[in-house]
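The values are calculated or read from the model by the stated rules, or taken from the named source; none is laboratory data. Source: prediction; values computed, not measured. Positions of Cβ are backbone-derived with ideal geometry, glycine not excepted, and every protein chain shown enters the neighbour counts.
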Amino acid sequence: MRRARVRFMTACFLALTFLAGGAAMGQEYWVSVAGNDSAAGTKDMPFATLERARDAVRETRKAGGLPKGGVTVWLRGGVYEISKTFELNHTDSGTAESLMVVRSVPGEEVRLVGRKQIPSSAFKTVTDPDVLQRLDPAAHGNVLQVELKAVGITDYGQLTRRGGIERSTLPAALELLFNDRPMPLARWPNQGWTRIADVTPAIDAGIAAPAPDHDLEGKARPAGKGCDIGAYEAGGTSGRTATFPDE
């Protein structure tokens, strides 16, 4: 899935610190995943987002400057989903006497992640007959699905060709992670390769051997420049022949 970023301007590093634990100083603001950005930002009524806490500090600064002892933003434990870049610039920096500090509450783990967490309860077993008939019977009851819109995911990005020779490498349009491990796109077979059909003798032996005039089912093959060399044939009774022009 797309990852958001936390961006700091260079000047912020001088007097703005992200720490774990430690004692509070001066003014305090609190943030919790169970909070509300309309709340007062106190320990009992915390904000919900870093953005709201940042804006509260800016309001404090605008009202009369940072208090002696600085400002501490406490983050309660939990996973904070960051959907867009969180920015701090030079105006958010403190001073040597009035630090601006963001830290986790001692003993509580805080994670800032650029993702959308999907609860396991949102995944349901596939029961649609039209889908099941396309699956191997052995997979029935083992394939799960989730309605992304129902869990608040509406930006799916755009799936494009990625990597390869003379092709630019682009980031994935959307990623699914399970236990912090990226999952591959659905594919068949799950591992290795599958054989489409036999190849022509010309391909087996190189272009020194002429391509046959007829396909595996005895039907006349396309002829002419760009039609024979490099032709693969699909097996079965359909009689389909896929040719790849000589470029």
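Residue-level check: of (1) modelled with pLDDT under 90; (2) surrounded by 10 or more Cβ atoms within 10 Å (Cβ to Cβ); (3) farther than 30 Å from LYS62 by Cα, ASP92 misses just (3). From the list LEU135, LEU99, the lone residue that is exposed (fewer than 14 other Cβ atoms within 10 Å of the Cβ), among the aliphatic types (A, V, I, L, M) and over 19 Å from LEU174 (Cα atoms) is LEU135. The single condition among (1) over 20 Å from ALA96 (Cα atoms); (2) part of a loop (DSSP other than H, G, I, E, B); (3) hydrophobic (A, V, I, L, M, F, W, C) that LEU66 does not meet is (1).
Within segment 69-90, the set of residues being touching a Lys or Arg at 6+ places or on another chain (Cβ under 7 Å) and part of a loop (DSSP other than H, G, I, E, B) comprises just one member, THR85. Residues in segment 48-63: is at least one more than 30 Å from TYR156 (Cβ to Cβ) and in a loop (DSSP other than H, G, I, E, B)? Within segment 48-63, not a single residue is more than 30 Å from TYR156 (Cβ to Cβ) and in a loop (DSSP other than H, G, I, E, B).
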